[in-house]
Amino acid sequence: KLIIEVLSDSTEAFDRGEKFADYKTIAEFEEYILIHQKQMLVEQFQRKSGNLWVPQIYRAGDTIKFASIGFSCLIETLYENIEQLL
């Protein structure tokens, strides 16, 4: 249902491209989350129907909703122990 990736400079292009394309072939896959390391920014891609994926960007102060698992939290929660970003 849900796959979460923490982006790094060396793998970001692969995570966004080939890896995401491979994940899309999984029938149960509904939601892809990319967490940036260098800034408080989370990208979310949700499958709406067939192969239609809807992107959403979350920044500081936003509440991120993981629809595939029925969970939500402030984006700051994901960066809780990363002092230089808080």
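Note on the stretch 2-85: Cα Rg divided by 2.2 N^0.38 Å, N the number of residues, gives 1.09. The GluC sites (Glu not before Pro) found in the chain that occupy coil by DSSP, while having at most 16 further C-beta atoms within 10 Å, are GLU28, GLU80.
Excluding the site residues themselves, the longest part of the chain lacking any trypsin sites (Lys or Arg not before Pro) in a DSSP loop with at most 13 other Cβ atoms within 10 Å is 39-86. For LYS38, a cut-off of 26 angstrom between C-alpha atoms picks up these lysines, skipping any fewer than 8 places away in its own chain: LYS19, LYS65.
Only the coordinates and a few stated rules stand behind these numbers; no lab work does. Being a predicted model, the structure only gives us computed values, none of them experimental. Please note: Cβ atoms are built from the backbone with ideal geometry, for glycine as well, and neighbour counts cover all protein chains shown.
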